[in-house]
Amino acid sequence: METTTLGPFTVSRLCLGTMLMGGKTPVDESHRMLDRFLEAGGTFIDTADTYGDGRSEEVLAPWLAQHRDEVILATKLRFPVSDPGGAGLAPDRVVKACDASLRRMGVDVIDLYQVHAPDPDVPLEESLEALDGLVRAGKVRALGVSNFPAWLLAWAVALQDRHGWAPFVSMQPQYSLVERSIEVEILPFCRAAGLGVLPWGPLGAGFLSGKYRRGEAAPGGSRIADATDDLEEAYDRRAVERNFAVVDAAEAIAGDHGATVPQVALAWLLGVPGVTAPIIGPRTFAQLEDNLGADGLQLSEEERARLEAPAGPPETYPQRMLHEQSGMGELAVLNRAR
C-alpha cells in the first residue's frame, strides 16, 4: 500500500476505522481484519472513546500488545462515555479522557489524539492548552481535530500559533462523492495550512456500496436503514437523485476497470489533492478485502469528471464572486509568520 506524510508520521494511504469492532463486528473477526490490513501494508488505525462506550478501544488492546510498533494509532475524545464519565473538552476532562483511552488500549502513548467535535461550553483556549499539556507530558505525539467548521478550525490554528501550543496536524471531516461540502472552505484551508485530511464516511455510510436503488427501501440491517433522521447518513438525505446519478457513473466506471463501486469511490478520494488517508470502516472481512482493492486503482481525468458532475459542492459567496470577478482561486500556501 502507498504511504504518505501526516505531521511527524508516515502513514498508509488508507486508514482502518474500528468503530464497529466489538459491536457489529465480533472480536475474532476484528482481529482477523486488523491482521489482514497490516499484511496489506496498512499502518494507520483510527478509533474513538465513544465507539461502543470504549469497547472499540478495548478490542484493540490485545492486538496492539503484539503490533503496537507497527502502526500509527489514532483515537478521539469529546462525546459521552462512562469512563471518565460525562462529555466535553473541559481541561480536567481532557486529561482524564486521555488517561482512560491509554488504559483501555494498553498503550503508553497515543500517536494522534483528535478532538471529535467542538465544545461550545468551554473556551477554546482552555481546551487547546490542555491538549498541549498532553503532548508535553509525553502521553500524545500529535493532535488532530474532527467535525470543525472552517472558521473555528482557522481560529484554533491561529491560537496554537500565537501561544506556541502543539498544533493540529490533521482534520477529519465527512467527505465522499455524495458529500462534498468541505471543498468550499475546509479542504482549501487544510491544503493551505498544511493539515492532513482524513475523510470519514468515504462511502457515504454505505450508499456508495451500490446496493441502494431508486424507489426501493434501504436494505434491512444496513447502516442507512438504521439511521435516524438527525444523522448524516439518514436515508432521505442520501437517497436523492443526484446521489443515485453518482452511483450510476461509478458503476459504469467500475465495470470498465473490473472493479467495484466502493473501490472507485475510494480511488476518487485518493486522487483529491490534500487528502491524506480516507478512513474505511468495514463491518466484515469481505468488505475490508473489497476496500483494499482501491489501492493502486487509477482513474482518468475524464472518469473523475463523470463522477464529480452529478453532486458537486454548493456555489457560495464570496468564493464564487472572487473567482468570477477577481480570478482568485485557492491559495496554494498560506504565508504564516514564524
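Couple of notes before you dig in:
- Karplus 3J(HN,Hα) series, Hz, for the stretch 13-28 with 6.51 cos²θ - 1.76 cosθ + 1.60 (x for Gly, Pro): 6, 10, 10, 8, x, 10, 4, 8, 6, x, x, 5, 9, x, 4, 4
- Carbon + sulfur, % of accessible area of the chain - ligands and nucleic acids excluded, 1.4 Å: 51
- Correct option for Cα extents along the principal axes in Å [calculated from the coordinates] among [x] 49, 45, 41; [y] 56, 52, 37; [z] 61, 47, 38: [y]
- Relative contact order of the chain, pairs being alpha-carbon contacts under 8 Å that are 6 or more residues apart, as %: 17
- For the stretch 215-313, dividing the convex hull volume of the Cα atoms by the residue count gives 127 Å³ per residue.
- Every helix of 4 or more DSSP H residues in the chain counts as -39500 (n - 2.57), and over all residues that averages to -12000 deg cm²/dmol at 222 nm.
- Rg/Rh ratio calculated on Cα atoms of the stretch 19-76 (Kirkwood radius): 0.93
- Accessible area expressed per residue, the chain, with surrounding protein chains retained (probe 1.4 Å, Å²): 43
- Nearby lysines by direct alpha-carbon distance to residue 76 (threshold 26 angstrom, same-chain neighbours under 8 apart not counted): 24, 96, 139
- The stretch 135-187: proportion of alpha-carbon pairs further apart than 15 angstrom, %: 52
- The distance separating the Cα centre of the stretch 222-276 from that of the stretch 105-164 comes to 31 Å.
- Contact order normalised by residue count of the stretch 3-158, Cα under 8 Å, 6+ apart, percent: 19
- The alpha carbon convex hull volume per residue for the stretch 37-121 rounds to 85 Å³.
The values are calculated or read from the model by the stated rules, or taken from the named source; none is laboratory data. Nothing here was measured: the structure is a model prediction, and the numbers come from that model. Note: areas computed on protein heavy atoms with side chains; ligands, DNA, RNA excluded. Shrake-Rupley method; radii C 1.70, N 1.55, O 1.52, S 1.80 Å.
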